[in-house]
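Written out below as structure tokens is the structure these notes cover.
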Amino acid sequence: MNAEHGVCPVCNGNKEIPLTATELTYSWNKNKTHRACSNCGGQIMFGRASGEVPLRSDGTPCTHEYVSSNIGRCLTRYSCKHCISTFKIDSGG
């Protein structure tokens, strides 16, 4: 693990979180019980959960709170309020 990263506090490094009751009702989740963690990489376009996240300024692993900003016609940048985590999503519209 990178020195500036810690174990994801949402999935505890397992890279998966249980599906919510609502998510379990979706047809595409049939026979599934978990999904990729959306705190340590699952939220990133084509991303995979890594089980680790950047540390906040106080040294604790971050539970991200993203703020979005449009940087192009179909391109949005998401930046965490608490750490250095950023990513972009291209909606292709």
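Summary of computed values
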{"read-out": "Residue-averaged 222 nm ellipticity for the chain, from DSSP H runs of 4+ at -39500 (n - 2.57), nearest 500", "value": "-500 deg cm²/dmol"}
{"read-out": "Square roots of five times the Cα gyration tensor eigenvalues for the chain, Å", "value": "23, 21, 10"}
{"read-out": "³J(HN,Hα) computed for each position of the range 14-27 - Karplus, 6.51 cos²θ - 1.76 cosθ + 1.60, integer Hz, glycine/proline x", "value": "7, 6, 9, 10, x, 5, 6, 4, 5, 4, 5, 7, 6, 4"}
{"read-out": "Added length on full extension, which subtracts the Cα-Cα distance from 0.36 nm per residue, Phe87 to Tyr26", "value": "19.3 nm"}
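Every read-out reported here was derived from the displayed coordinates using simple, explicitly stated rules and does not represent laboratory data. None of the values given here were measured: they were computed from a predicted structure.
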